[in-house]
1. Distance from the Cα centre of the range 64-79 to that of the range 121-153, in angstrom?
2. Step by step: find N for the chain, compute 2.2 N^0.38 Å, then divide the Cα radius of gyration by it. What's the final number?
3. Can you compute 3J(HN,Hα) from phi for each residue in the range 32-48, using the Karplus curve 6.51 cos²θ - 1.76 cosθ + 1.60 with θ = phi - 60°, rounded to whole Hz and x for Gly and Pro?
4. At 1.4 Å probe size, with every protein chain present, just tell me what the per residue accessible area of the range 226-358 comes to in Å².
5. Thr4 versus Ala242, label points 7 Å from Cα toward the beta carbon: distance in nm?
6. Once you keep just the Cα pairs under 8 angstrom separated by 6 or more residues, what percentage relative contact order results for the chain?
7. Highest GNM mean-square fluctuation, the chain, Cα pairs closer than 10 Å: which of Gln44, Gln262, Gln175?
8. What is the Å³ per residue value for the convex hull set by the Cα atoms of the range 1-95?
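The values are calculated or read from the model by the stated rules, or taken from the named source; none is laboratory data. Since the model is a prediction, treat every value here as computed from it, not as a measurement. Here the Cβ is made from the backbone with ideal geometry for all residues, glycine too, and neighbour counts use every protein chain on show. Just so you know, the surface numbers come from the protein's heavy atoms only, side chains and all, with ligands and any DNA or RNA stripped out. Shrake-Rupley method; radii C 1.70, N 1.55, O 1.52, S 1.80 Å.
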Amino acid sequence: MAATLTDATLAILGGKPEVPQGLIRNWPPIDDLDRRMVLASLEQDNHAFGPNCQAFEREWAAWNGNRHAITTNSGTAALHMGIAAAGCSAGDHVLVPAYSWSSSATCILHHNCIPVFVDIDWDTMNLDVGQIEAAITPRTKAIVVVHLHGLAVDMDRLLAVARRHGLKVIEDACQSHGATFRGRKVGTFGDCAAFSFNQNKSLCSGEGGMFVTDDEEMRQRAAQLWNFGETRTPAQRRDYHAYALGWMYRNNDLTAAFGRAQLAKLSAHLQVQRENGAVLRRELQGVPGLLLPVEPEGHGHTYYNFTCRIDMPAIGWTGAPARMRDAVVKALNAEGVPAGVWQSFILPRMTVFQAKNAYGHGSPWAEHGALDVDYRPESFPVAQKHADAHFGMTTPLRAPNGPEAARAVGRAMRKVFEQIGKLDVDSLLEGR
Ligand SMILES: Cc1ncc(COP(=O)(O)O)c(C=O)c1O
């Protein structure tokens with residue numbers, strides 16, 4: 001006889017989804033300001049580095065508290081500009097956390113430098129500052145500090161290590177617009193920083209990014225890489241001369257117009273994200289087996305991505321952690337929660353690093369005597385444990401969603417975790 005369905009029956013076992021369809025609305029909200037600014041851009045006649053690009057740079061610099069900003073076509077471009085601006089040269093070692101987006105580390109390869117990974121801290125999911133010194137060699141030039149998921153790294157501790165060893169600091173703030181440490185926004189601590197404005201980011205302009213710095217010399221080096229190696233911007237009289245190796249990382253006017261409209265609403269959007277994050281945290285306090293994101297004293301989390309971990313021993317799971325996690329994500333999706341796995345691979349495990357052959361002939365590792373740099377996954381156990389146990393979500397916490405969506409997601413998560421023992425992991429993952 002089939003089991004009786006009740007309100008508590010998990011949706012994946014045939015019950016009713018806890019989050020009604022249509023309750024969670026899409027990101028980003030578009031209003032008349034977006035429409036007006038994008039149309040106005042269309043109707044003027046400089047569609048490349050036009051007036052919206054220049055205005056976006058000024059407005060972003062003012063919003064974030066930087067002297068200089070350069071608008072780019074991606075966060076990755078801004079990161080590569082950061083490596084160049086920091087004065088990194090071929091063969092230099094650059095430290096980067098073992099768990100992040102691929103381009104936090106591949107931007108180092110783009111500049112013919114060698115990424116050296118550092119494990120992460122379990123609680124914050126960010127770079128473990130206490131492990132940086134062990135990774136420094138005489139060839140170490142800089143650190144890419146990633147503020148992951150909306151939580152800033154402890155920049156007091158990080159800058160103390162960097163200063164002690166004369167290292168440049170490039171902040172990867174691609175996920176952390178408006179995140180604060182001791183009341184200051186990320187992107188104002190290091191020598192320079194990169195932001196992303198892609199679809200999922202707290203400021204979405206479709207694609208796009210921003211490079212920021214307070215240092216005029218660094219701005220110039222970044223600008224040269226950004227614009228074909230030239231020394232003048234497209235707003236000046238150009239001589240079209242490549243003074244150095246450059247790429248084409250410029251933004252365009254339409255995207256910048258969209259970005260400016262979203263920037264006008266960014267502080268309000270971030271406020272919504274923080275409030276919804278607080279609601280969700282309250283809903284989930286004390287749920288067995290669920291580890292919530294932390295917000296240490298002195299940090300202002302933006303909940304860009306509300307990332308949780310499953311406490312495997314607490315739920316009595318002794319199989320492969322990622323299998324239980326994947327089954328839980330399936331059960332949450334069935335309840336209508338748009339949860340997902342952000343990165344299932346730690347960076348050193350990715351093929352580009354394992355192969356040590358980015359440009360052919362083993363370049364850049366072979367030519368710089370760096371073939372022995374340690375990319376063994378087992379050297380980064382905390383990153384691996386996190387990669388296997390985490391899941392997260394962005395949309396339910398974003399405007400235009402309010403506390404109702406956060407509360408529904410909270411109820412659904414509680415429902416799944418309270419009945420986690422009912423998940424038949426093998427049959428749920430069958431056929432994978
Ligand atoms: C931490 C981090 N760094 C860098 C990037 C790259 O940004 P983009 O996709 O704009 O190149 C992203 C986003 O994808 C990211 O999450």
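1. So the two Cα centres are separated by 21 Å.
2. Compactness ratio reported: 1.02.
3. 4, 4, 4, 4, 5, 6, 5, 5, 5, 5, 4, 8, 9, 10, 10, 8, 8
4. Values: 5840 Å² over 133 residues.
Result: 44 Å² of accessible area for each residue.
5. 7.6 nm
6. RCO, the chain: 22 percent.
7. Sorting by GNM fluctuation, first place goes to Gln44.
8. On the way: hull volume 25.5 nm³, N = 95.
Dividing the Cα hull volume of the range 1-95 by its residues yields 269 Å³.
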